[in-house]
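What follows is one structure encoded as structure tokens, with my remarks underneath.
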Amino acid sequence: MRAVLCGYYGQGNGGDEALLATLLQLLPPSATAVVLSANPAQTKERYGAESIPHRDWGAILQTLRTSQVFIWGGGSLMQDSTSLLSPWYYGGLMALAQLLGLKTLAWAQGVGPLNRAPTRWLTCQVLSRCQGVTVRDLGSARLLSQWQIPHQLGPDPVWLLDGVLTSPSRLTPPVVVVNLRPHPLLTPQRREILTKALAHFQQATGAHLRLLPFQKSQDLPLAEALAQNLTGAYEILYREDPRELKGLFQGADLTIGMRLHSLIMAASEGNRTFALSYDPKVSRLMAEAGLPGWELPELPMDSEAISQTWQDHLRDGAPLSVEQRQDLRRRTEVHRDLLLEFC
């Protein structure tokens, strides 16, 4: 059986690459994956999976005609808050696969925000025609319930991703991972406050800061600018392979993160976590997994107060328990079960 995997792949985004790596990890051995990618050569080399250009419509059509399953492979593909074109691209591919008679699966989706009536209509139409749908958060589940679309709910699949530690570190604790990303809510004022807070926090704790960009083009310049204001030990580590990226959270004492998958990777590896939410998907994770943090619009304007909060959490906070992590992984199996049923 040939399964076409469609997502935000080959774009250099660590979170989306982690979703792809997890999907390939969970796909039954009986299924042969064909990945639509912005960088098919890299995707093939990294994962050993057949890959074709995600904008080569001739190759896509030929591949769909010789395949049996089409899978939206995780993430917030159907949303119109950051791009008006993305939902039409992903929705159009799903509609084409359905027209050609493939089994279609919406796998581990975060649906929305959908602020415009046409994209809401398109999303409802293609999801209602899928043979199987799983979603990764309560907000998406509520929306699909309103639309009366059958679905199953489970945590984000990256909770199941196997991390790889390529070079064990022997750093003096505490080791604190930091992931920031550019966003309109991370205004110059908030960025300056967070930079001062991290510098103060490092001076107070002697922490070794591990700055982890998840998307090189966006996060790396921010990490480099942040590092210029640090007086203690730090490192900037970038890993293209999401399994190696997840491995960098092993042994860390605390993670301060903006990106959704930085927090999931950290919590799954037993880190204390502190979220800086810029997006509803991060806020939903905070609520559903009980992770502390701030919505960026509510960030305190006092850098020393922020630093003190982090110090308190490093000293007194607790990571998710082994039982909590096992429960999250158990509930995530719903995404594996969907693949086993249809692939």
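The values are calculated or read from the model by the stated rules, or taken from the named source; none is laboratory data. The shown structure was predicted, so the numbers you read here are calculated from the model rather than taken from an experiment. All Cβ positions, even for glycine, are placed from backbone atoms using ideal geometry, and neighbour counts span all protein chains on display.
The table that follows gives values for the structure above.
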quantity: Cβ-Cβ under 7 Å pairs, at least 6 apart or on other chains, region 133-149 side in contact (Cβ under 8 Å) with a residue 12 or more places away in the chain, far side in a loop (DSSP other than H, G, I, E, B) and of a type in the set (Asp, Glu); calculated: Arg136/Asp156
quantity: Check on Gly139, surrounded by fewer than 23 Cβ atoms within 10 Å (Cβ to Cβ), small (Gly, Ala, Ser) and not in a helix (DSSP H, G or I); calculated: no
quantity: Candidates Phe274, Phe249, filtered to the one that is without any contact (Cβ under 8 Å) to a residue 60 or more places away in the chain, among the aromatic types (Phe, Trp, Tyr) and either at positive phi or in contact with a strand residue (DSSP E or B) (Cβ under 8 Å, 6 or more places away or on another chain) (or both); calculated: Phe274
quantity: Residue match in region 91-106 (condition: under 21 Å from the mean Cα position of the chain (by Cα), crowded, with 19+ Cβ neighbours inside 10 Å and polar (S, T, N, Q)); calculated: no
quantity: Test: residue in region 25-35 that is in contact (Cβ under 8 Å) with a residue 12 or more places away in the chain and within 17 Å of the chain's Cα centre (by Cα); calculated: yes
quantity: Arg46, sole failed condition from (1) basic (Lys, Arg); (2) surrounded by fewer than 16 Cβ atoms within 10 Å (Cβ to Cβ); (3) in a helix (DSSP H, G or I); calculated: (2)
quantity: Among residues of region 64-89, those that are under 27 Å from the mean Cα position of the chain (by Cα), in a helix (DSSP H, G or I) and of a type outside the set (A, V, I, L, M), counted; calculated: 4
quantity: Residue check for Val133: within 22 Å of Ser307 (Cα to Cα) and crowded, with 22+ Cβ neighbours inside 10 Å; calculated: no
quantity: So Tyr238, is it over 30 Å from Arg142 (Cβ atoms), surrounded by fewer than 24 Cβ atoms within 10 Å (Cβ to Cβ) and in contact with a strand residue (DSSP E or B) (Cβ under 6 Å, 6 or more places away or on another chain); calculated: no
quantity: Test: residue in region 233-249 that is more than 29 Å from Gln11 (Cβ to Cβ) and either of a type outside the set (Phe, Trp, Tyr) or outside the structural domain of Thr309 (by TED's automatic domain parsing) (or both); calculated: yes
quantity: The one condition in (1) under 26 Å from Gly163 (Cβ atoms); (2) not in a helix (DSSP H, G or I) that Val334 fails to fulfil; calculated: (2)
quantity: Selection within region 46-75 - among the charged types (D, E, K, R) and touching a Ser or Thr at 6+ places or on another chain (Cβ under 9 Å); calculated: Glu50
quantity: Only listed residue being closer than 30 Å to Glu341 by Cα, modelled with pLDDT of 95 or more and part of a loop (DSSP other than H, G, I, E, B), chosen from Pro182, Pro213, Pro150; calculated: Pro150
quantity: Selection from region 134-165 of residues that are aliphatic (A, V, I, L, M) and more than 18 Å from Leu114 (Cα to Cα); calculated: Leu153, Val158, Leu160, Leu161, Val164, Leu165
quantity: Members of region 128-151 found to be over 20 Å from Ser283 (Cβ atoms) and in contact with a strand residue (DSSP E or B) (Cβ under 9 Å, 6 or more places away or on another chain), listed by number; calculated: Arg129, Cys130, Gln131, Gly132, Val133, Thr134, Ile149, Pro150, His151
quantity: Pair list, Cβ under 6 Å, 6 or more apart: region 287-302 residue closer than 12 Å to Leu186 by Cα, other residue part of a loop (DSSP other than H, G, I, E, B) and hydroxyl-bearing (Ser, Thr, Tyr); calculated: Leu296/Tyr278
quantity: Scope region 210-222; condition surrounded by fewer than 24 Cβ atoms within 10 Å (Cβ to Cβ), among the hydrophobic types (A, V, I, L, M, F, W, C) and under 13 Å from Val177 (Cβ atoms); matching residues; calculated: Leu211
quantity: Lone unmet requirement of (1) touching a helix residue (DSSP H, G or I) at 6+ places or on another chain (Cβ under 6 Å); (2) β-branched (Val, Ile, Thr); (3) within 30 Å of Gln25 (Cα to Cα) for Thr195; calculated: (3)
quantity: Helices (runs of 4 or more DSSP H) completely within region 233-331 that count 1 or more residues being more than 19 Å from the chain's Cα centre (by Cα) and hydroxyl-bearing (Ser, Thr, Tyr); calculated: 303-316
